[in-house]
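Below is one structure, written out as structure tokens, with a few remarks after it.
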Amino acid sequence: MDRHHRLLHLTLKHAAENPHDTKMAAIVAIGSKPISKGYNQVKSHPKQKCLFNPRRLLHAELAAIIGCNLDALVGATIYVARRYMNGMPALAKPCPMCHEILLAVGIKRVYYTIGGTPENIEFGTYRVGYSKGGGDAYRDQTTVRND
Ligand SMILES: [Zn+2]
């Protein structure tokens, strides 16, 4: 199992601990080392407003980022996982708002669950930023893997 699988697996496990109905979690990692984790929750945080989210729903990605020294996030990777009540992985691609936040704090790559099983997670990944042709990597460069 490569580190991306291992970290997605860990994120999926963390999602199971989420008391919220939508079981979504995120882990920020530098290389293979997780530095922060969070899950979606209906709660505001003082830092939330300056991170472009005035709404009360704190998304998992933002919850994970809030726990970090923002300077430490440049070049980091974020893993985002969601699970159904039956434990199966579900689509967890960051929403456009979270994407903007990831871009703003300098996180360079995203891995997120798409489906599969906990043992064989199907996931997508993309580089945060803009592609050379001027297109948006969020839309253009997502690749799906389940190897
Ligand atoms: Zn979001």
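Taken over segment 7-30, the residue count meeting the criterion of being modelled with pLDDT under 90 and within 11 Å of the chain's Cα centre (by Cα) is 0.
Looking only at segment 60-101, count how many residues are within 9 Å of the chain's Cα centre (by Cα) and within 17 Å of A29 (Cβ to Cβ). Step through it out loud before you land on a result.
Pass one, segment 60-101, residues within 9 Å of the chain's Cα centre (by Cα): 60-62, 64, 77-81, 92-94, 98.
Narrowing further to those that are within 17 Å of A29 (Cβ to Cβ): 60-62, 64, 77-81, 92, 94, 98.
Number of matching residues: 12.
What about I35, is it assigned to a strand (DSSP E or B) and at pLDDT 90 or above? Full working, then the answer.
On the way: assigned to a strand (DSSP E or B): yes; at pLDDT 90 or above: yes.
For I35, the condition - assigned to a strand (DSSP E or B) and at pLDDT 90 or above - is met.
M97: farther than 10 Å from Y112 by Cβ and near the ligand (Cβ under 10 Å from one of its atoms), yes or no? The answer is yes for M97. Is it the case that segment 111-123 has a residue that's modelled with pLDDT under 90, of a type in the set (G, A, S) and farther than 16 Å from A25 by Cα? Among the residues of segment 111-123, not one is modelled with pLDDT under 90, of a type in the set (G, A, S) and farther than 16 Å from A25 by Cα, which makes the answer no. Scanning segment 83-94 for residues that are away from the ligand (no atom under 11 Å from the Cβ) and buried (at least 16 other Cβ atoms within 10 Å of the Cβ) returns R83, P89, A90.
Scan segment 69-108 for residues that are part of a strand (DSSP E or B) and more than 17 Å from N40 (Cβ to Cβ) and jot them down. Can you show your working first?
Pass one, segment 69-108, residues part of a strand (DSSP E or B): 77-83, 89-90.
Selection gives T77 alone.
The values are calculated or read from the model by the stated rules, or taken from the named source; none is laboratory data. What you are looking at is a predicted structure, and each value in this text was computed from that prediction instead of being measured. No Cβ is skipped: glycine too gets one built from the backbone with ideal geometry, and neighbour counts run over all protein chains shown.
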